[in-house]
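Asks: I am attaching a structure below and will ask some questions about it afterwards.
The values are calculated or read from the model by the stated rules, or taken from the named source; none is laboratory data. Since the model is a prediction, treat every value here as computed from it, not as a measurement. Here the Cβ positions follow ideal geometry from the backbone for every residue, glycine too, while neighbour counts run over all protein chains shown.
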Amino acid sequence: MSQHTATIVWERGDQDFASNRYSRRHDWRFDGGAVVPGSSSPGVVPEPMSDASAVDPEEALVAALSSCHMLFFLALAAKAGFTVDRYEDAAVGTMGKREDGRIAMTRVELRPRIAFSPDRRPGADELARLHHEAHERCFIASSVAFDVVVKGAGHGDAP
């Protein structure tokens, strides 16, 4: 199977590490050259130790699920003869306590809005089947132990 890598780099600089008031800002570096600023969530570690403009791990997990679902959906739609003009997903991840008391991501809702080319658009049943199959094929959805649901998977309403 394939391997996927990321290099995470954080440096203390002249910050007082022992006071626990150091910046959680760091970089995610990927093999293709992309560098993404990362940080803890300001909801977990308050600013200024967190950087609200950076991506936090929880947001990244939600984005990875949404992106994976979208990529499979687009491939399946193309194979079925549909043309997607725009796909937008305002995905939402919910953190909560698990039964064992640990805080974890407990649910992710994908909320895709899809605009299809007007020449051929799927009906509600076909659209539901495409989303179901995309979910079943998504590597990331298969890797998590919480519910991933598709809400309001309508079409023609993407901005």
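Asks: Got a sec? Which of Phe73, Phe116 is at pLDDT 95 or above, crowded, with 16+ Cβ neighbours inside 10 Å and over 26 Å from His4 (Cβ atoms)?
Replies: From the options Phe73, Phe116, the qualifying one is Phe116.
Asks: Can you tell me which residue within region 38-61, out of those that are charged (D, E, K, R) and not in a loop (DSSP other than H, G, I, E, B), is nearest to Thr106 (Cα to Cα)?
Replies: The selected residue is Glu58.
Asks: Can we say Ala145 is within 18 Å of the chain's Cα centre (by Cα), closer than 25 Å to Ile8 by Cα and modelled with pLDDT under 95?
Replies: Yes: the conditions hold for Ala145.
Asks: Does Ser2 satisfy the condition of being assigned to a loop (DSSP other than H, G, I, E, B), surrounded by fewer than 11 Cβ atoms within 10 Å (Cβ to Cβ) and over 19 Å from the mean Cα position of the chain (by Cα)?
Replies: Taking the combined requirement at face value, the residue satisfies it.
Asks: So Pro46 clears everything in (1) under 30 Å from Glu11 (Cβ atoms); (2) touching a strand residue (DSSP E or B) at 6+ places or on another chain (Cβ under 9 Å); (3) free of Cβ contacts under 8 Å to residues at least 24 places away in the same chain except one condition, right? Which one?
Replies: Condition (2) is where Pro46 drops out.
Asks: Residues being surrounded by 10 or more Cβ atoms within 10 Å (Cβ to Cβ) and touching a Phe, Trp or Tyr at 6+ places or on another chain (Cβ under 7 Å): count how many of those fall in region 9-34.
Replies: Total meeting the criteria: 2.
Asks: For Ala64, only one of the following conditions fails: (1) without any contact (Cβ under 8 Å) to a residue 60 or more places away in the chain; (2) under 30 Å from Ser117 (Cβ atoms); (3) in a helix (DSSP H, G or I). What is its number?
Replies: Of the numbered conditions (1) without any contact (Cβ under 8 Å) to a residue 60 or more places away in the chain; (2) under 30 Å from Ser117 (Cβ atoms); (3) in a helix (DSSP H, G or I), the odd one out for Ala64 is (1).
Asks: So which of Val92, Val84 is under 15 Å from the mean Cα position of the chain (by Cα), modelled with pLDDT of 95 or more and surrounded by 13 or more Cβ atoms within 10 Å (Cβ to Cβ)? Spell out the reasoning first.
Replies: Details: Val84 fails: under 15 Å from the mean Cα position of the chain (by Cα).
Criteria check complete, one pass: Val92.
Asks: Out of all the residues in region 84-112, which are more than 16 Å from Ala63 (Cβ to Cβ) and touching an Asp or Glu at 6+ places or on another chain (Cβ under 8 Å)?
Replies: Answer for region 84-112, where residues must be more than 16 Å from Ala63 (Cβ to Cβ) and touching an Asp or Glu at 6+ places or on another chain (Cβ under 8 Å): just Thr106.
Asks: Taking the conditions exactly as written (in a loop (DSSP other than H, G, I, E, B) and either out of contact with any Ser or Thr (no Cβ under 9 Å at 6 or more places or on another chain) or hydrophobic (A, V, I, L, M, F, W, C) (or both)), does Gly101 satisfy them or not?
Replies: yes
Asks: Something else now. Given the options Lys97, Lys151, name the one that is touching a residue at least 24 places away in the same chain (Cβ under 8 Å) and either in the same structural domain as Ser66 (by TED's automatic domain parsing) or at negative phi (or both).
Replies: So the residue among Lys97, Lys151 that is touching a residue at least 24 places away in the same chain (Cβ under 8 Å) and either in the same structural domain as Ser66 (by TED's automatic domain parsing) or at negative phi (or both) is Lys151.
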